[in-house]
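Quick note: the coordinates plus some simple rules give every number you see, no bench work behind them. Since this is a predicted model, take the numbers as computed values, not measurements. Reconstructed Cβ throughout: ideal geometry from the backbone, glycine too, with neighbour counts over all protein chains shown.
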Amino acid sequence: AKGTHKTCKDYYASIGQFIRWCVVMKYINGNPLENVKPKFKKPKSADQERRRWEDSELHQLLSHPVFIQAPVKVMWVTSLVLYQGMRPGEVCQLRINDIGGIDGIDTISITDGGDKQRVKNTQSVRVVPLHNHLIDSGFLCYVDLRRQQGHCQLFDYKPTGRNQDWSRSYCNQFAKLLTEAGFTAGDRPTAYSLRHTFIDVLKKADVAEHLVAEVVGHTHEKMTFGRYGKKSSLATLQGVVNTFQIQTGGEA
């Protein structure tokens, strides 16, 4: 089956673990993978696999009538992925109660505690301060409106497909929007690239890597310095989140 370098390695490791268990339990006589040495070659570097949005591209997108007139949920999901560095699926599955406040700081909780909510890994469960841009743009007013309307979910997206993907519908909408805004398919950044842009801006601002990891929910050693111990304060993470700034020739 076709998959990313990391996905193939993870599948192979899981299969190998299962076969070793079968040997221990004497369900099979030997390990057929014992002398197999697979190579999982990465076709491109991580930076090449998913390029970031350039400021000029963000200006083209965010100022385009197609985006301005898009459904409000598309606008807010896009803004949350960009300004919070969240995964599209994490945003699309948000509940109203996941938006709150602690010690005077407005926050977003990324959790697997709600109905059909999922996270990628244990480090993905996190509480992150809201970016000032979102607050100033009226995001909390949108949250209050949804609450007054009696909704549980923040957006009207549903998990679909065998993998129960929360972001499939949004990503399809976003791709169509990009085409209508003049971006050529196959030669453009994606919805997930908005998250990559957030991370890249913080990297270039010399924000400590373990702080970026706490904000975006990374566990990879190259992104987290391994097990970095006690979580940082919300006040610290608030400064990290608001380090993200973009120049689009106008407000995003």
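Miscellaneous remarks
- The chain: most fluctuating residue of 209, 34, 57 per GNM, C-alpha cutoff 10 Å: 34
- Near residue 111: Cβ cut-off under 14 Å, other residues only, Lys/Arg at +1 and Asp/Glu at -1. The net charge is +2.
- Within straight-line cross-link reach of residue 116, aspartates and glutamates at Cα separation under 17 Å, skipping those fewer than 8 residues along the same chain: 90, 98, 156, 165
- Cross-link check: pairs 39/204; 120/203; 120/158; 176/204; 204/231; 203/231 evaluated at a Cα-Cα cut-off of 27 Å; pairs beyond the cut-off: 39/204; 176/204.
- Ordering 105, 122, 205 by Cα displacement along the dipole of region 96-225 toward the positive end leaves 122 in first place; charges were set at the Cβ atoms of Lys, Arg (+1) and Asp, Glu (-1).
- Put simply, the Cα atoms of region 99-224 extend 45, 42, 34 Å along their principal axes, the longest span coming first.
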